[in-house]
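Take a look at the structure set out below.
The values are calculated or read from the model by the stated rules, or taken from the named source; none is laboratory data. None of the values given here were measured: they were computed from a predicted structure. Reconstructed Cβ throughout: ideal geometry from the backbone, glycine too, with neighbour counts over all protein chains shown. Areas reflect the complete protein model, heavy atoms only, side chains present, ligands, DNA and RNA absent. Shrake-Rupley method; radii C 1.70, N 1.55, O 1.52, S 1.80 Å.
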Amino acid sequence: MRTQTDLARALSTARERTDELFRLVRPDSLYERPIPERHRIVFYIGHLEAFDWNLIGRYRLDLRSFQPQFDRLFAFGIDPPPGQLPADQPSDWPAISEVERYNQRTRDEIDDAIEEVPEQLLHVAIEHRLMHAETFAYILHNLPYERKVTPAVLPPVRETGKPVHGSIEIPAGAARLGRTAEEGFGWDNEFEAHTVDVPAFSISKYKVTNREYLEFVRAGAGAPFFWTERDGRWFYRGMFSETPLPLDCPAYVTHREAEAYARWRGKSLPTEPQFHRAACLPPASGNFDFRHWDPIPVNANDVASHAAPAQMFGNGWEWTSSVFQPFPGFERFPFYTNYSEPFFDGEHYVLKGASPRTAACFLRTSFRNWFRPSYPYLYSTFRLVES
Ligand SMILES: [Fe+2]
């Protein structure tokens, strides 16, 4: 269990992480909207502090607002239904220098009183910020290359031999989902812990690769959002450059594409309990926690035993066939009522695992991610099951 001092340090590390990310956007591009369904970049610069301020400064410490219009302007992100795009203009947003002033004062006021902040709220502030470090990477991914600053050093990817695909038999048994309060911090939707009986099934050893998905595209399916074709050759649109399609890396696809591929192969996507049955404990290393910007081959860093599926945590979230629903006994957080509940609408599916840009704290097995089935910007992969 982490102490208050550890958490204060983790909050400041998380701030450095997001500050660093915003510095990858060229200053003349901070009012761009790289993903049409999301806010302009400037919103995220103010949002992280406004969230901390509203949660900690206002809700918990009852401090006096010094800029209430920013508290409201930067309070909430958006997830519009398909076809309903935001229409605000760059001129609707304040100058970056004003946002930076607001951010600095927020940090100073929160840091001055940090010892009075309950651990649970510090966890919420840290994890909320780190979740945005990932979702902001999706936004940055879609900013044209000339509008961003490429880091001086990019991590190398180890060469691997071609993966030998196969499947792993998982015997019938109980899957444990969720967590108990004694196990430490979790978001509202991670409670209560419970078990689900799962009949025997088999699951693919590796995530479905670009090479495999390419066969589907050649058979007439549409190409994933991250691919582009020129003169009959396929390329992957990476974070900082385009590369020839890396055939042994996992295919980033939507839930709809993953499901269609599974049907084409006569198989299906795992359910959330099946994922839990198949997954071993998260590894100490892997393609998560900001080590890489893009995927690595499905058999790279393959430390899993031959009897276990590889890379269930890292190198891309994995789609499940489970609709995002509350666990029995769910109670929303009183201080953040909109974290999960609005998404129990039957329109979002559960993803498990982690992507290259997922912070290590989210690798606890109870963590659940969810998105709309046709949202194309995610680092989301999949594997197949057969019952
Ligand atoms: Fe947020």
Among the listed residues PRO163, PRO156, PRO151, identify the single one that is part of a loop (DSSP other than H, G, I, E, B) and either surrounded by 14 or more Cβ atoms within 10 Å (Cβ to Cβ) or modelled with pLDDT of 95 or more (or both). PRO163
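Please go through region 1-37 and give me each residue that is of a type in the set (S, T, N, Q) and either open to solvent by less than 30 Å² (accessible area, probe 1.4 Å) or in a loop (DSSP other than H, G, I, E, B) (or both), ordered by number.
Those that are of a type in the set (S, T, N, Q) and either open to solvent by less than 30 Å² (accessible area, probe 1.4 Å) or in a loop (DSSP other than H, G, I, E, B) (or both): THR3, THR18, SER29.
Got a number for residues in region 347-356 being open to solvent by less than 10 Å² (accessible area, probe 1.4 Å) and in contact (Cβ under 8 Å) with a residue 40 or more places away in the chain?
6
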Among (1) assigned to a helix (DSSP H, G or I); (2) surrounded by 19 or more Cβ atoms within 10 Å (Cβ to Cβ); (3) at pLDDT 95 or above; (4) away from the ligand (no atom under 15 Å from the Cβ) - the single one TYR44 does not satisfy: (4)
Given the structure, is TYR261 modelled with pLDDT of 95 or more, in contact with a Pro (Cβ under 8 Å, 6 or more places away or on another chain), open to solvent by less than 60 Å² (accessible area, probe 1.4 Å) and not acidic (Asp, Glu)? no
Are any residues in region 201-256 more than 30 Å from GLY173 (Cβ to Cβ) and of a type in the set (Asp, Glu), and if so, which ones? GLU215, GLU229, ASP231, GLU242, ASP248
Scope region 227-258; condition surrounded by fewer than 22 Cβ atoms within 10 Å (Cβ to Cβ) and touching a Pro at 6+ places or on another chain (Cβ under 8 Å); matching residues: ARG233, TRP234, PHE235, TYR236, PHE240, PRO246, ASP248, ARG256
Which one is nearest to the ligand (Cβ to nearest atom) among residues in region 47-90 that are within 24 Å of GLU119 (Cα to Cα) and open to solvent by 60 Å² or more (accessible area, probe 1.4 Å)? PHE76
Of everything in region 116-148, what is closer than 29 Å to ARG237 by Cβ, in a helix (DSSP H, G or I) and more than 13 Å from the ligand (Cβ to nearest atom)? Give them in sequence order. ALA137, TYR138, LEU140, HIS141, TYR145, GLU146, ARG147
